[in-house]
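The structure under discussion appears below in the form of structure tokens.
The values are calculated or read from the model by the stated rules, or taken from the named source; none is laboratory data. Since this is a predicted model, take the numbers as computed values, not measurements. Neighbour counts run over all protein chains shown; Cβ positions are idealised from the backbone, glycine included.
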Amino acid sequence: MPLRLDVADDDSVAAAAAEVEHLDVLVNNAGVLYDTWQHPSTADLAVVREALEVNLLGAWRVTEAMLPRMGRGGRIVNVSSGAGSLARMGAGTPAYGVSKAALNAFTLKLATELRDTGILVNAVCPGWVATDMGGAGGRPVEEGAASVLWAVDLPDDGPTGGFFRDGRRLEW
Ligand SMILES: NC(=O)c1ccc[n+]([C@@H]2O[C@H](COP(=O)([O-])OP(=O)(O)OC[C@H]3O[C@@H](n4cnc5c(N)ncnc54)[C@H](OP(=O)(O)O)[C@@H]3O)[C@@H](O)[C@H]2O)c1
């Protein structure tokens, strides 16, 4: 059954969670503000705040609401981005990049906490994908989705607390 929710709104997330009895897979996909027009030294902090609200706290909020409905065998996949890799951090898209680095940190913290629960928690980058955000020139949506679904379909002894694209590890 499809449910509508705004990941930035506590009440909306709580109302959606109340409709869910059991959840096997949570994919935190919602993302905003690929802020190519900004620089770190002059970024509009209202934009930074909004990026954090959706890209970091949105995933965190939905996870907290849904986790009580998950059991062993559960999978949590946070859709991140290479733009959030500290190892490869450039100056561009500051709000987006910082929000995805923070999402990666949340991923690792949660995975560590849940290590003995049988719930696998990973961050994945879909690659550059031709969506509204990615624009023309990116790869087909099916390929980006496959990169995400890899972490959904992991076996019970699969990795947790990692950052992947197309099933291959990325540097944090
Ligand atoms: N496209 C790329 O090249 C690329 C690369 C790396 C990572 N990513 C990541 O992949 C994920 C999907 O991005 P996309 O390319 O599909 O972007 P998109 O085309 O802009 O779609 C963004 C999605 O997020 C949803 N969303 C935004 N704010 C929301 C909120 N407050 N509550 C609930 N849903 C919300 C939107 O829903 P509505 O349409 O209903 O607003 C839409 O479905 C994002 O996390 C993005 O950062 C994308």
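General observations
- Those residues of the stretch 77-112 which are hydrophobic (A, V, I, L, M, F, W, C), in contact with an Asp or Glu (Cβ under 6 Å, 6 or more places away or on another chain) and farther than 15 Å from residue 53 by Cα, in sequence order: 87
- Search result, residues across the stretch 1-44 that are farther than 28 Å from residue 150 by Cβ and among the hydrophobic types (A, V, I, L, M, F, W, C): 14, 15, 18, 37, 43
- Each residue in the stretch 144-154 was checked for being free of Cβ contacts under 8 Å to residues at least 24 places away in the same chain and within 11 Å of the ligand (Cβ to nearest atom), and 3 pass.
- Exclusive hit being modelled with pLDDT of 95 or more and either in a helix (DSSP H, G or I) or within 13 Å of the chain's Cα centre (by Cα) (or both), set 137, 97, 158: 97
- Checking 86, 67, 110, 120 one by one, the residue that is farther than 22 Å from residue 17 by Cβ, modelled with pLDDT of 95 or more, of a type outside the set (Gly, Ala, Ser) and over 12 Å from the mean Cα position of the chain (by Cα) is 86 and no other.
- Test set (1) more than 9 Å from the ligand (Cβ to nearest atom); (2) assigned to a loop (DSSP other than H, G, I, E, B); (3) among the polar types (S, T, N, Q) - residue 122 fails condition number: (2)
- Top-ranked residue of the stretch 25-69 - restricted to ones that are of a type in the set (Ser, Thr, Tyr) and more than 11 Å from the ligand (Cβ to nearest atom), ranked as nearest to residue 15 (Cα to Cα): 63
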